[in-house]
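Report on one structure; see the data block that follows.
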Amino acid sequence: MPESAHSYVSSLLEVDHLIIKVKSERKTRHGDYKELPDGFHLITVNNNLNPYRFLITLIHEIAHFEAYKSHGKRINPHGIEWKLTFKHLMLPLINPRVFPEEFLPFLARHFKNPKASSDTDVALAKALRSYDINDDKTYVYELEHGTKFKIYNGREFKRGKKRTKRIECLELKSGRLYLFNPNAEVEVIE
């Protein structure tokens with residue numbers, strides 16, 4: 001994470017029964033939070049994230065922990081309690097000492113109403129990718145109509161038309177139509 005955020009994040013982590021683990025890349029998530037049976041709480045964050053995505057992901061997961069502590073188990077995981085907590089925790093970080101000046105407008109827009117995943121906010125996800133060390137990845141939104149591709153689990157698709165927020169893709173094996181997040185990472189096939 002950015003060095004200027006270390007002391008703030010350290011102060012958030014000075015909590016009993018909270019375990020933080022940095023894990024190998026997982027294709028389906030950047031991080032997660034869960035309560036363990038022994039009363040401890042576990043936050044995991046992927047090790048392959050750029051410093052800005054790592055920080056946002058870590059604060060996202062800490063917000064789950066804090067919302068759970070303050071409001072109990074019955075809240076929606078990404079409901080109003082979590083959103084308010086996430087905004088509150090991120091606010092001290094949204095400044096040019098932590099994030100690049102040109103990135104701040106994307107963060108400000110996102111935190112008006114934060115989504116369950118930074119990847120759901122297409123503009124924020126694209127801006128975050130610009131800080132990746134080796135962004136040689138291909139995304140659904142970059143493909144031309146009719147391009148065939150496969151996803152992380154080997155399933156093959158053909159890109160279709162763009163809807164308002166999603167992109168229609170036809171699964172080649174089943175003939176079923178699926179809606180993809182434009183930021184879905186894919187591999188083009190011949």
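A few notes on this one:
- Among the residues making up segment 76-121, a single one is acidic (Asp, Glu), within 21 Å of PRO51 (Cβ to Cβ), touching a helix residue (DSSP H, G or I) at 6+ places or on another chain (Cβ under 9 Å) and not in a loop (DSSP other than H, G, I, E, B): GLU102.
One line per residue, one yes/no per condition, for (1) of a type in the set (A, V, I, L, M, F, W, C); (2) farther than 26 Å from GLU25 by Cα; (3) at pLDDT below 95:
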{"residue": "LYS137", "(1), (2), (3)": "no, no, yes"}
{"residue": "THR147", "(1), (2), (3)": "no, yes, no"}
{"residue": "ARG176", "(1), (2), (3)": "no, yes, no"}
{"residue": "VAL186", "(1), (2), (3)": "yes, no, yes"}
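- Search result, residues across segment 43-58 that are of a type outside the set (S, T, N, Q) and either farther than 22 Å from ASP119 by Cα or buried (at least 20 other Cβ atoms within 10 Å of the Cβ) (or both): ILE43, VAL45, LEU49, TYR52, ARG53, PHE54, LEU55, ILE56, LEU58
- No other residue among TYR152, TYR131 is within 22 Å of the chain's Cα centre (by Cα), closer than 20 Å to ILE56 by Cβ and aromatic (Phe, Trp, Tyr) apart from TYR131.
- Considering segment 123-160, and only residues there that are in a strand (DSSP E or B), touching a Cys at 6+ places or on another chain (Cβ under 9 Å) and not basic (Lys, Arg), the residue that is surrounded by the fewest Cβ atoms within 10 Å (Cβ to Cβ) turns out to be GLY160.
- Being over 27 Å from LYS165 (Cβ atoms) and among the basic types (Lys, Arg) holds for only one residue in LYS115, LYS69, and it is LYS69.
- Every residue from segment 31-75 that is part of a loop (DSSP other than H, G, I, E, B) and either in contact with a Phe, Trp or Tyr (Cβ under 8 Å, 6 or more places away or on another chain) or over 20 Å from ASN181 (Cβ atoms) (or both): LEU36, PRO37, ASP38, GLY39, PHE40, ASN47, ASN50, GLY72, LYS73, ARG74, ILE75
The values are calculated or read from the model by the stated rules, or taken from the named source; none is laboratory data. It should be emphasised that the depicted structure is a prediction, and the values quoted were computed from it without experimental measurement. Neighbour counts run over all protein chains shown; Cβ positions are idealised from the backbone, glycine included.
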